[in-house]
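Asks: What follows is a structure written as C-alpha cells; I'll ask about it next.
The values are calculated or read from the model by the stated rules, or taken from the named source; none is laboratory data. Just so it is clear, the structure is predicted and the values come from calculations on it, not from any experiment. With ideal geometry, Cβ positions are generated from the backbone for all residues, glycine too; neighbour counts draw on all protein chains shown. Remember, those area values only see protein heavy atoms, side chains included, never the ligands or the DNA or RNA. Shrake-Rupley method; radii C 1.70, N 1.55, O 1.52, S 1.80 Å.
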Amino acid sequence: MATELEELIGFLSSPSPQLRKAAIEIVQGLTGSDEGIQTLASHSSLALPPLCRLLFDSSLDISSAAADALINLSQVPDLASKLVSLGIVAASMEVMYKRPELAQKLVMLLVNLTQVEAGVNALLQVGDEKMEGLYVSKLVRSFCRSSSADSGEDAFEHVASILINISKAEAGRRVLLEPKRGLLKQVVRQSDSTNPIRKKGVCSTIRNCCFEADNQLQNLLIIAEYLWPALLLPVSGKKIYSEEDRSKMPPELSNVLSHEREVVEDPEIRQEALEAIYMISMQEAGRKALWAVNGPRILQVGYEDEEDPKVMEAYEQIGSLLVGNDGVE
C-alpha cells in the first residue's frame, strides 16, 4: 500500500492541473527544510522524474514551483547527479528560452548542477563534437546582453557562477578559450560591471582560465586589450598615475589611470587578479606582454596602497618572479 508521500508524488503526474498544483506546492514546501529534502531524497527515484517533467507544465505557477523545488534539491550533490542523469540540464536550457519568466530560477538551478562533474559535462555537452559548447555560448550571450538591460531583475547575473564552475574543469577552459567562439573575450568585457556578482564571477573565471597559460597563452593574449584592464585595474591602487607612467601604457589603461577611480573593495577579486597575472607571467611571452603595457609599474603603485596581507603576498609573488626572470624591479 502506498505511503502518504508516495501518493503525494503520484499527484505530481495527475491529469488535473488543480491536483498537480496542490501537490507541487506541498513538495516545494518540503524542500524548504533539510528534513524535507532528506525525506524526498529517500524516494528520489519516484520524485525526481515527475519534478523534471513539471518544468514543462503549461501552468507557469506549477513550472515555477517545480523549479524552486529542484533548486533546493540540487543543493545535495547526490541528487544533483541524479537530476543530471535524467536530462535536467537540457530541459533547463530548453525551458529557459521558451519561458523567460523562469530564466532566473533555471540559471540558479544550473549553478547547483554545475557543482558536480556530471553537471559540468552535461552543460558543456562533452562528447558531442557538433554540439559541444553550444549551451555555454547561449548562456554567455544572454549574460552579456542582460547586463545592459534597463529594467527588471538581472535574470542572467548568476551565469557568472556557472562560468566559475565550468572553468574549474579543463574541458570548460578549452571551450571558453577557443578563439573562434570568442567566449572569454565576451566574458572579460563584463569585468567593469558594477554588479558584484558579475564582477567576482568574471575575475574568478579569468583566473581559472589562466591555469592554461602554459599551453594556451596565445589564446589569452589575443584578447590583451580587454584582459589587461580586467586584471590590472583592480590592483592599480587609487593614485592618479603620472604622464610618464601613462605614456608607456595602451589607451585602455592610461585613460582610466589618468583620473581618480573607485577602488575594488573585494580583496578576493584583487587576489584572484594577481594570481592570474602571476600564471601569465610564468611564461616568457607573458612577462614580455606585461612589461609592454607597463604592468610592473601598475603593480608597484598598487602594492603601495594595499593593506590586505594575503593580497600583499600575491603582489610580492609576482615581484619575485619578475625580478628573478628579468633582473629588473
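Asks: To the nearest 20 debye, what is the magnitude of the charge dipole of the range 159-278 about its Cα centre, counting +1 on the Cβ of each Lys and Arg and -1 on the Cβ of each Asp and Glu?
Replies: Once rounded to the nearest 20, the dipole reads 380 debye.
Asks: For the range 16-126, what relative contact order do you get, as a whole percent, if you take Cα pairs closer than 8 Å and at least 6 residues apart?
Replies: This gives 24 percent for the range 16-126.
Asks: Determine the alpha carbon to alpha carbon distance for each of Lys199/Lys239; Lys138/Lys288; Lys180/Lys310 and list only those over 32 Å.
Replies: Lys138/Lys288; Lys180/Lys310
Asks: While we're here: May I ask you to derive the relative contact order of the range 123-246, considering only C-alpha pairs under 8 Å and at least 6 residues apart, and to give it as an integer percent?
Replies: 21
Asks: While we're on this one: Taking +1 at the Cβ of each Lys and Arg and -1 at the Cβ of each Asp and Glu, which of Ala285, Gly182, Ser254 sits farthest along the dipole of the chain towards its positive end, judged by Cα position relative to the Cα centre?
Replies: Final value for the positive-end residue is Gly182.
Asks: Further, regarding this structure: Roughly how many Å² of Asp214 are accessible to a 1.4 Å probe, to the nearest 10?
Replies: 110
Asks: If you average the sequence gap of Cα pairs under 8 Å that are 6 or more apart and divide by the length of the chain, what percent do you get for the contact order?
Replies: 10
Asks: Can you work out the accessible area per residue across the range 1-119, with the rest of the protein chains kept in place, probe 1.4 Å, in square angstrom?
Replies: Ligands and nucleic acids excluded, the result is 46 Å² per residue.
Asks: Rounded, prolate or oblate: which one fits the range 20-132, using the alpha carbon gyration tensor with axes a ≥ b ≥ c (rounded when a/c is under 1.5, else prolate when a/b beats b/c, else oblate)?
Replies: oblate
Asks: Can you send over the solvent-accessible area of Phe143, 1.4 Å probe, protein chains only, in Å² to the nearest 10?
Replies: 0
Asks: Using the heavy atoms of the protein chains and a 1.4 angstrom probe, tell me the accessible area per residue for the range 137-292 in square angstrom.
Replies: I get 47 Å² per residue for the range 137-292.
Asks: A further question follows. Please work out how much accessible surface His158 shows to a 1.4 Å probe, ignoring ligands, DNA and RNA, in Å² rounded to 10.
Replies: His158 has an accessible surface of roughly 50 Å² with all protein chains in place.
Asks: Find how many whole Å separate the alpha carbon centroid of the range 160-194 from the alpha carbon centroid of the range 262-324.
Replies: Comparing the Cα centres of the range 262-324 and the range 160-194, I get a distance of 21 Å.
Asks: Please give the calculated 222 nm ellipticity per residue for the chain, where each DSSP H segment of at least 4 residues contributes -39500 (n - 2.57) and the sum is spread over every residue; nearest 500 deg cm²/dmol?
Replies: When only DSSP H runs of four or more count, the value is -20000 deg cm²/dmol.
Asks: Excluding residues fewer than 8 places away in the same chain, name every one of the lysines whose C-alpha is closer than 16 Å to that of Lys168.
Replies: Hits, sequence-local ones excluded: Lys200.
Asks: Find out how many positive minus negative residues lie around Val95, taking Lys and Arg as positive, Asp and Glu as negative, among other residues whose Cβ is under 12 Å from that of Val95.
Replies: +1
Asks: As a test of reading the structure, rank Thr194, Thr39 by solvent-accessible area (1.4 Å probe, protein chains only), most first.
Replies: I get Thr194, Thr39, largest accessible area first.
Asks: Then there's this: What percentage of the solvent-accessible surface of the chain, computed with a 1.4 Å probe over protein heavy atoms, is contributed by carbon and sulfur atoms?
Replies: Solvent-exposed carbon and sulfur of the chain make up 50 percent of the total.
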